[in-house]
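To keep things clear, I will list the structure first and then write my remarks on it.
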Amino acid sequence: MRMEAIQQALKDKKIEFQYVEEDGLGSLDFEHRGLRYHIWEFCEEGTYGAESNIRHAGRSEDFTGDYDRELGEYIRSDWG
């Protein structure tokens, strides 16, 4: 299982989500306050990251580094 901090944050906030793992990369889709969000992992040239629209529902952005922790903390913030 991937993106464990993100999944735990969603569970703590009681936000239902769908998790799929394919080729060793995780994908999360969920709805919150009427908006649909995604967090999709990627690996480019050996660097792992995630693409998400969590900060801007209409626009995706890439996160690298410790994206699991960063996005988990964002979900726990006043965001939702």
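Where strands (runs of 3 or more DSSP E) fall wholly inside region 1-45, the ranges with 2 or more residues that are among the small types (Gly, Ala, Ser) are 25-32. The lone criterion from (1) in contact (Cβ under 8 Å) with a residue 24 or more places away in the chain; (2) under 21 Å from residue 77 (Cβ atoms); (3) in contact with a strand residue (DSSP E or B) (Cβ under 9 Å, 6 or more places away or on another chain) left unmet by residue 36 is number (1). The number of residues in region 32-80 being farther than 16 Å from residue 9 by Cα and polar (S, T, N, Q) comes to 4.
Could you identify the single residue in 27, 77 that is under 12 Å from the mean Cα position of the chain (by Cα) and of a type in the set (Gly, Ala, Ser)?
The match here is 27.
Note on region 32-47: residues that are modelled with pLDDT of 95 or more and surrounded by 12 or more Cβ atoms within 10 Å (Cβ to Cβ) total 6.
Among the residues of region 1-11, the one identified as modelled with pLDDT under 95 and surrounded by 11 or more Cβ atoms within 10 Å (Cβ to Cβ) is 2. Within region 50-71, residues that are within 18 Å of residue 19 (Cα to Cα) and free of Cβ contacts under 8 Å to residues at least 60 places away in the same chain sit with their Cβ atoms under 7 Å from residues that are assigned to a strand (DSSP E or B) and aliphatic (A, V, I, L, M), at 6+ positions apart or across chains, in these pairs: 50/39; 52/39; 54/39; 67/50. Restricting to region 48-60, and then to whatever is in a loop (DSSP other than H, G, I, E, B) and within 12 Å of the chain's Cα centre (by Cα), can you tell me which residue is surrounded by the fewest Cβ atoms within 10 Å (Cβ to Cβ)? Taking the candidates together, the pick is 55.
From (1) under 18 Å from residue 70 (Cα atoms); (2) open to solvent by less than 60 Å² (accessible area, probe 1.4 Å), pick out the condition that doesn't hold for residue 24. Answer for residue 24: the failing condition is (1).
The values are calculated or read from the model by the stated rules, or taken from the named source; none is laboratory data. None of the values given here were measured: they were computed from a predicted structure. Every residue, glycine as well, gets a Cβ built from its backbone with ideal geometry; the counts of neighbours run over all protein chains shown. SASA here: full protein model, heavy atoms, side chains in, ligands and nucleic acids out. Shrake-Rupley method; radii C 1.70, N 1.55, O 1.52, S 1.80 Å.
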